[in-house]
Amino acid sequence: MTEKTKSPNVKLNEVGMSKNDYRGAATTLCAGCGHNSISNQIIAAAFELNVVPEDMVKLSGIGCSSKSPAYFLNRSFGFNSLHGRMPSVATGALFGDHRLKAIAVSGDGDTTNIGMGQFKHVIRRNTRMVYIIENNGVYGLTKGQFSGTAEEGLELKYAGKNNFKPVDIVQEAMASNASFIARSFAGDSAQVKALIKAALSHNGLAILDIISPCVTFNNGDDARHSYAWGREHNELLHEFSYVPVEEEIQVNDIQDGETRAIEMHDGSHIVLRKVEKDYDPTDYKAAQRLLEDAYTDDVMLTGLIYVDPERASLPEIHKLPADRALNRMTETELRPAKETLAAVNADMF
Amino acid sequence: MTTSKAKPAKAKKTSALITNDLSMTVATMNGSGSQTSNLTLLRALFKMGIPVSGKNLFPSNIQGLPTWYTIRVNKDGYIGRRGSNEIVVAMNGETFAKDLQDVEAGGAFFYPDHLKFDIEREDISIYSFPAKSIVKDSDAPASLRDYLTNMTYVGVVAQSLEIDLDAIHQALDFHFKGKEKPIKLNMDIIQKSYDWAAENIEKNDPYVVSKMNETGDLIMANGNTAAALGAIYGGVQFASWYPITPASSLVEEMTKRIGALRDSKEVDERTYAIIQSEDELSAIGMAIGAGWSGLRAMTSTSGPGISLMTEFVGLAYYAEIPVVIWDVQRVGPSTGLPTRTAQGDIISTHFLGHGDTQNIMLIPGTVQECFEFGWRAFDVADRYQTPVFVMSDLDLGMNQWMTKPFEYPNQPFDRGKILWEEDLEKIKNKWGRYKDIDKDAITYRTVPGNKAKNSGWFARGTGHNEEAKYSEDNEHWEENMERLSRKFESARSGVPTPIIESRKGAKIGIISYGSTNPALEETIDQLEELGMATDYLRLRAIPFSNEVKEFIETHERIYVVEMNRDGQMHKLLTLDYPQFHEKLIALPKHDGLPLRAAWIRKAIRKVEGK
């Protein structure tokens, strides 16, 4: 498939791939679904980062959002697992070859309803992957029930009125001490793409809570997860950009007092340009205050909310060899030698 | 509690001694340190070369509830639980009256003299000993006195039964890993108690032990430790688990022992990961993820955990992901009797998962087999690309058993059909994850990290075609499920075969499995002595191999002996061999205790009308 499209006119990236090499099957989600635009930004981010598709793994749970990995990175290994259980499958799967870059996609029901426990614990472990929650406040595949992130008072065609306070994914991630937390809006492609790139460079678990409207079941103008609300109330925390290792950041940019640069574990940089207030996303307490204010003011705050680039990730905690994959180890390395057994038996009494 | 004084022992001194044939129960409170005392007695007897077994009957509690420890000594090598006792040591006032009744006529009853009770039995020997004053008169620190009180009965019983003090010293040396201070402290109390008994107790009962040469080529271990070691020798790379009695010690032992056997001396790197998860759903989820990524992955749990793993096991069965799951069974349903033993998960685990699911199960019957299946389970899982359950139980997993030494794996790793870059190049892309190229129902898989362009595939629990693409096509679904069924059938010749013990002229067969083995070994000898020859088949796996069918075919009647209420293995045998249903007789027992030969013998004789 990809061979045919590689005509001289097709743009190739530094590893010789065209964008098609990062695409998936045609989407079966509704036209206009926010998830489709996120899939497109995943494709674009991977292409622009010059990652070979075979060096990536994609994971998901169950739901509309979890179907989407079929629609990007066709050449990558993927695992569409169980409802709410993607984090555990991902945690185990990423021990096979821990050098792979992983993108996990979940939904608000998959994460905050059935999967809240695994969501919290995968954060604690700092498993090295990008964990995207395509958050639309509603169940799509089962047709329009409220999810845990639906706002109080929301009225839906079939489900009626929601009487409960919503779960705030970003605040939950903060409470669990996630090492990278961002919120974005599917309608802001540039920000989504830049955040995905930064998240892929993070040495640990990166939570991306992306408001991704469901055009079929929850897109009323006043609904907190709709396109209209997002466009109206999306408040940028900063202008966010990502500078890969091979590009140098412009020193002048940083010194103008309007911009802050954060170095990631792999040597790349996140560059944040001030919009209204100066904000330091490495300051945990500032992040907490920010979120409380945003909650009170009912604004959709987007950008990088918190990052700790130096936290040890799971493969490091488990002392995996830096440059070798466990799944390529052979019997010689994995089965103790015959001579060792005598001592084992002797140790038994 | 009554306070009148115990009457002195009155039983007549027996002239003939009974050597190396007794059952002893020690009644204590849990959390009082009695486990060390009991293991010391058990190990000392083992070191004397006498066949012996020890079983801990403990409460689901940390401290203060009654606990009993039973030791059986038998010169002929029968080590199953007997149920009756010649010797009882009563250290717990709460159960004193009951413990007194548990002594067989002619037996002996030991108790510390600070317990004041009326003792109405004249048919047994009664020995009291000053446990507290022995400890008090020693120079042991006051903080350890309660704990050391339990060492007094070791000394008194050792003197009475003639247990070798050198063997006791060896047991302590092992227990305390050669640490001089605790060894000396405990040995001192044992010696003082021994000396006190020699001076003050006039032995009236006939029970003694004497050195034999029956255990020299054996070791003493528990099944969970054996399983952990077996897994290490099987190259385990990933173990995720959640604490549950009686399975916890399996991965705990692995954690303790794997470094010395697997870690490099040069670099601080590991070839494995062990993760305590937040629950059993996560434990199996991680193990399945790891299995999918090409690692030898496992989890261990017990019945309640198995219940929680149901959905995931169905996924692994359908998506064909190798993973090993140890089920150290306890009594259920529900929380049940969490510290008692059973074989109650046979049917549910075999069919675990919704829709049509059939799981392969390996069933160890000895501690040595726990080691063997520890590594072999990975080979079976990799070969058939499916969850493989290893069905142990509390008795096998947690109690100390004498067993043959662990044997080094007799075959290299079988990683099954995995394709790496060079393999894919050789077959020129003629590959589909679920394509039955070899027509043996087992397809080829690739794992993440493979760099070949056509290596990637999307694992899913949803309907899929041969290329692992999403499919709701009715024919795809049916063909795939039929192939899975053929794959399961093919495992009949790839799992451990049963062990068959034949007796001359036997027309009656017995089928059993797992930890019932010692009781069965004894039963068939007893039945033969009574003129009823029986052949005994010990199942070691599901699906049943052809030997099982032949065994049923060639016997008039077959008793299926097991530890559950509904005769679960009997039902599975009947499902597999409906043509023999009239021959198969269920003999289930489900009181939570290890099975006794006497019960099996009587149950069979009753049906046989004898």
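Take B:ILE499 and tell me if it is open to solvent by less than 10 Å² (accessible area, probe 1.4 Å), within 30 Å of B:LEU587 (Cβ to Cβ) and in contact (Cβ under 8 Å) with a residue 60 or more places away in the chain. Before you say what the answer is, go through the steps one by one.
Numbers: open to solvent by less than 10 Å² (accessible area, probe 1.4 Å): no; within 30 Å of B:LEU587 (Cβ to Cβ): yes; in contact (Cβ under 8 Å) with a residue 60 or more places away in the chain: yes.
Spelling it out, it is not the case that B:ILE499 is open to solvent by less than 10 Å² (accessible area, probe 1.4 Å), within 30 Å of B:LEU587 (Cβ to Cβ) and in contact (Cβ under 8 Å) with a residue 60 or more places away in the chain.
For segment A:23-78, what are the residues that are in a helix (DSSP H, G or I), open to solvent by 40 Å² or more (accessible area, probe 1.4 Å) and away from chain B (no Cβ under 14 Å)? Answer for segment A:23-78, where residues must be in a helix (DSSP H, G or I), open to solvent by 40 Å² or more (accessible area, probe 1.4 Å) and away from chain B (no Cβ under 14 Å): A:ASN40, A:GLU48.
Report, by residue number, each residue of segment B:291-312 that is in a helix (DSSP H, G or I), of a type outside the set (A, V, I, L, M) and over 27 Å from B:GLY456 (Cα atoms).
Step one: of segment B:291-312, the residues in a helix (DSSP H, G or I) are B:291-292, B:303-308, B:310-312.
Filter again for of a type outside the set (A, V, I, L, M), leaving B:291-292, B:303-305, B:307, B:310-312.
B:GLY303, B:PRO304, B:GLY305, B:SER307, B:THR310, listed by residue number.
Of A:VAL251, A:VAL307, all but one fail to be of a type in the set (Val, Ile, Thr), over 30 Å from B:LEU218 (Cα atoms) and at pLDDT 95 or above; the exception is A:VAL307. Applying the set (1) under 29 Å from B:ARG296 (Cα atoms); (2) more than 18 Å from the chain's Cα centre (by Cα); (3) of a type in the set (A, V, I, L, M, F, W, C) to A:CYS30 leaves exactly one unmet item: (1). For the list (1) closer than 16 Å to B:VAL88 by Cα; (2) under 22 Å from the mean Cα position of the chain (by Cα), I need the number of the one condition that B:THR40 fails. Status for B:THR40: all satisfied but (1).
In segment B:109-164, which residues are part of a helix (DSSP H, G or I) and open to solvent by 30 Å² or more (accessible area, probe 1.4 Å)? Answer for segment B:109-164, where residues must be part of a helix (DSSP H, G or I) and open to solvent by 30 Å² or more (accessible area, probe 1.4 Å): B:LYS132, B:SER133, B:LYS136, B:ASP137, B:ALA142, B:SER143, B:LEU144, B:ARG145, B:ASP146, B:TYR147, B:GLN159. Quick one: in segment A:79-101, of everything that is out of contact with any Lys or Arg (no Cβ under 7 Å at 6 or more places or on another chain) and aliphatic (A, V, I, L, M), which residue is farthest from the other protein chains (Cβ to nearest Cβ)? Of everything passing the filter in segment A:79-101, A:MET86 is farthest from the other protein chains (Cβ to nearest Cβ).
Restricting to segment B:165-175, and then to whatever is in contact with a Lys or Arg (Cβ under 6 Å, 6 or more places away or on another chain) and open to solvent by less than 10 Å² (accessible area, probe 1.4 Å), can you tell me which residue is nearest to the other protein chains (Cβ to nearest Cβ)?
B:ALA171
Of the residues in segment B:584-601, at least one is more than 24 Å from B:GLY83 (Cα to Cα) and either open to solvent by less than 40 Å² (accessible area, probe 1.4 Å) or modelled with pLDDT of 95 or more (or both).
Residue by residue, here is whether (1) touching a helix residue (DSSP H, G or I) at 6+ places or on another chain (Cβ under 7 Å); (2) within 11 Å of chain A (Cβ to nearest Cβ) holds:
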| site | (1), (2) |
| --- | --- |
| B:ALA283 | no, yes |
| B:ALA287 | yes, yes |
| B:ILE306 | yes, no |
| B:VAL324 | yes, no |
| B:ARG330 | yes, no |
| B:LEU337 | no, no |
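Could we say that B:MET398 is facing another protein chain (nearest Cβ under 10 Å) and within 30 Å of B:TYR78 (Cα to Cα) here? For B:MET398, the condition - facing another protein chain (nearest Cβ under 10 Å) and within 30 Å of B:TYR78 (Cα to Cα) - is not met. For segment A:316-343, the set of residues classified as over 19 Å from A:ARG99 (Cα atoms) and either within 34 Å of the chain's Cα centre (by Cα) or in a loop (DSSP other than H, G, I, E, B) (or both) consists of A:LEU334, A:ARG335, A:PRO336, A:ALA337, A:LYS338, A:GLU339, listed by residue number.
Given the structure, is B:LYS75 among the basic types (Lys, Arg), open to solvent by 20 Å² or more (accessible area, probe 1.4 Å), modelled with pLDDT of 95 or more and within 22 Å of B:ILE600 (Cβ to Cβ)?
yes
Residues in segment A:311-342 that are at pLDDT below 95 and more than 9 Å from every other protein chain (Cβ to nearest Cβ): A:ASP323 only.
Residue count for segment B:571-598, restricted to those that are in a helix (DSSP H, G or I), touching a residue at least 24 places away in the same chain (Cβ under 8 Å) and more than 14 Å from B:ILE558 (Cβ to Cβ): 2. Given the criterion over 20 Å from B:TRP401 (Cα atoms) and out of contact with any His (no Cβ under 8 Å at 6 or more places or on another chain), identify the matching residue among B:ALA541, B:ALA519. Answer to the check: B:ALA541.
Taking segment B:78-101 as the region of interest, how many residues are acidic (Asp, Glu) and at pLDDT 95 or above? Can you show your working first?
First pass over segment B:78-101, keeping only residues acidic (Asp, Glu): B:86, B:94, B:99.
Cutting the leftovers down to at pLDDT 95 or above gives us B:86, B:99.
The total comes to 2.
If you filter segment A:309-336 down to residues that are open to solvent by 70 Å² or more (accessible area, probe 1.4 Å) and among the aliphatic types (A, V, I, L, M), you find that the one that is nearest to A:VAL122 (Cα to Cα) is A:ILE317. Take segment B:18-60 and flag every residue that is hydrophobic (A, V, I, L, M, F, W, C), more than 18 Å from B:ALA131 (Cβ to Cβ) and at pLDDT 95 or above. B:ILE18, B:LEU22, B:LEU39, B:LEU42, B:ALA44, B:LEU45, B:PHE46, B:MET48, B:ILE50, B:VAL52, listed by residue number. Residues that are within 13 Å of chain A (Cβ to nearest Cβ), within 38 Å of the chain's Cα centre (by Cα) and in a loop (DSSP other than H, G, I, E, B) within segment B:421-448 comprise B:ARG433, B:THR446, B:VAL447, B:PRO448, listed in sequence order.
Restricting segment B:260-281 to residues that are free of Cβ contacts under 8 Å to residues at least 12 places away in the same chain and in contact with a Lys or Arg (Cβ under 8 Å, 6 or more places away or on another chain), which is farthest from the other protein chains (Cβ to nearest Cβ)?
To start, the set of residues in segment B:260-281 that are free of Cβ contacts under 8 Å to residues at least 12 places away in the same chain comprises B:260, B:263-270.
Now restrict to residues that are in contact with a Lys or Arg (Cβ under 8 Å, 6 or more places away or on another chain): B:263, B:268-270.
Values: B:ASP263: 9, B:ASP268: 6, B:GLU269: 4, B:ARG270: 5 Å.
The qualifying residue farthest from the other protein chains (Cβ to nearest Cβ) is B:ASP263.
Of the residues making up segment A:79-103, just one is assigned to a loop (DSSP other than H, G, I, E, B) and farther than 17 Å from B:MET286 by Cβ, namely A:ARG99. Scanning segment A:285-308 for residues that are open to solvent by 60 Å² or more (accessible area, probe 1.4 Å) and part of a helix (DSSP H, G or I) yields A:LYS285, A:GLN288, A:ARG289, A:GLU292, A:ASP293, A:TYR295, A:THR296, A:ASP297.
Flag set for A:GLU151, criterion: within 13 Å of A:ASP108 (Cβ to Cβ) and either in contact with a Gly (Cβ under 9 Å, 6 or more places away or on another chain) or surrounded by fewer than 24 Cβ atoms within 10 Å (Cβ to Cβ) (or both).
The C-beta contact set for segment A:171-182 (first residue surrounded by fewer than 24 Cβ atoms within 10 Å (Cβ to Cβ), second residue at pLDDT 95 or above, distance under 6 angstrom, 6+ apart or interchain) comprises A:SER176/A:LYS120; A:SER176/A:ILE123; A:SER179/A:ASN126; A:SER179/A:GLY204; A:SER179/A:ASP308; A:SER179/A:ARG311.
Quick grid of which residues meet (1) assigned to a loop (DSSP other than H, G, I, E, B); (2) on the phi > 0 side of the Ramachandran plot; (3) of a type in the set (Asp, Glu):
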site: A:VAL192; (1), (2), (3): no, no, no
site: A:ALA199; (1), (2), (3): no, no, no
site: A:ILE207; (1), (2), (3): no, no, no
site: A:THR216; (1), (2), (3): yes, no, no
site: A:ASP222; (1), (2), (3): yes, no, yes
site: A:GLY230; (1), (2), (3): no, no, no
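The values are calculated or read from the model by the stated rules, or taken from the named source; none is laboratory data. Treat the numbers as computed from the prediction; the structure is a model and nothing was measured. Glycine gets a Cβ as well: all are built from the backbone with ideal geometry, and neighbour counts include every protein chain shown. We work out accessible area using only protein heavy atoms, side chains counted, and drop any ligands, DNA or RNA first. Shrake-Rupley method; radii C 1.70, N 1.55, O 1.52, S 1.80 Å.
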